[in-house]
Amino acid sequence: MTVFVDSDIRMYEAGREHRHRDPAHRFLEQVRYGAVDGCRPLRRLEPRFESPFLAGDDKRPLRRICRKGGSGMTPFLALLLLAQPAESFRRFTHDGAWCWIADPRALAQDGRTFAGWVTGHGDVVVASLDHGTGEVRSHVLHGRLDPDDHANPALIAQPDGRLLALYSKHADRVLRARMSARPGDVTEWEPERELRLNDPAERKFRHYDLVCYPNPSRAGDVLALFWRGTNWKPCLSFSRDGGATWSLGRVAFSEPGAPRTNRPYLKSACDDGRRIHLVLSTGHPRDEKRNSVF
């Protein structure tokens, strides 16, 4: 295998303690000083934050550092050398988490990026990053709701530029919604509203009426909201007034004959304001022997 990297790479060095503890960093140190068979030693590199992918018009030839296979560097480890370190990106917070299910977790609009997360104390937070000034502003939507990454807010922009945030505990009786007071400003929000959208008539089992994982999408003037609801199934509700009122939710997907503990995972997205795209799994990978994605 032959691997190339830019001759002008200057890799950011983490702290000494971390480098000695982490196997990937130990391997890279060995590569840099010629301790791995098949790799030339690299010159000692000065720490800096620029990525070689952001080098602009620098068209200097690439330099071969591994010239043969066997125990030489793999493509993945070569990418580690090329990667821009996380420390070089603007940080929203030192205390925040989110899960991959409730979405959109972040969006960009009018020169700002907006994102939401949950703190270690369970505070639900929304923040904005101004692309021009680098200023970060944040607001706690609900203090100490649930110290669980599944409680992160999902954000969607209104036509007038305001934000609608939807969130819940990991297993909650209600979905919660707040609207920002002004376009582009996360420092002031309307009061929290509780949404009870599960249809009691669809509930098949006792206690299977909890909610979590909101996934809002917009198709024209209609807001479509998916969430895990009745019987642990993906449910769907619509709003035609920007989220002020919602239709009674209905189970959107349910596999016939599946065990009552079956819980599909759903993601939604809208690319052109007209069509909503869905990705759906059979169920929890822990429980499904053959877990498909649709």
**Prompt:** Can you tell me how many residues in region 89-128 are in contact with a Phe, Trp or Tyr (Cβ under 6 Å, 6 or more places away or on another chain), charged (D, E, K, R) and modelled with pLDDT under 95?
**Reply:** 0
**Item:** Selection status of residue 240, closer than 20 Å to residue 152 by Cα, of a type outside the set (Phe, Trp, Tyr) and either surrounded by 20 or more Cβ atoms within 10 Å (Cβ to Cβ) or in the same structural domain as residue 171 (by TED's automatic domain parsing) (or both)
**Value:** no
**Message:** Among the listed residues 203, 250, identify the single one that is among the basic types (Lys, Arg), closer than 21 Å to residue 177 by Cα, surrounded by 11 or more Cβ atoms within 10 Å (Cβ to Cβ) and in the same structural domain as residue 178 (by TED's automatic domain parsing).
**Reply:** 250
**Request:** Mind listing just one residue for me: the one in region 149-175 that is of a type in the set (Gly, Ala, Ser) and farther than 21 Å from residue 113 by Cα and, of those, surrounded by the most Cβ atoms within 10 Å (Cβ to Cβ)?
**Result:** 168
**Request:** Output yes when any residue across region 131-153 is touching a His at 6+ places or on another chain (Cβ under 8 Å), in the same structural domain as residue 273 (by TED's automatic domain parsing), assigned to a strand (DSSP E or B) and in contact (Cβ under 8 Å) with a residue 12 or more places away in the chain, and no when none is.
**Result:** no
**Request:** Name, by its number, the condition in (1) over 19 Å from the mean Cα position of the chain (by Cα); (2) within 20 Å of residue 105 (Cα to Cα); (3) modelled with pLDDT of 95 or more that does not hold for residue 246.
**Result:** (2)
**Hits in region 178-209 (condition: among the aliphatic types (A, V, I, L, M) and modelled with pLDDT of 95 or more)** = 179, 181, 186, 195, 197
**Prompt:** Would a scan of region 98-109 turn up a residue that is small (Gly, Ala, Ser) and without any contact (Cβ under 8 Å) to a residue 24 or more places away in the chain?
**Reply:** yes
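The values are calculated or read from the model by the stated rules, or taken from the named source; none is laboratory data. Since the model is a prediction, treat every value here as computed from it, not as a measurement. Cβ: placed from backbone, ideal geometry, glycine included. Neighbour counts: every protein chain shown.
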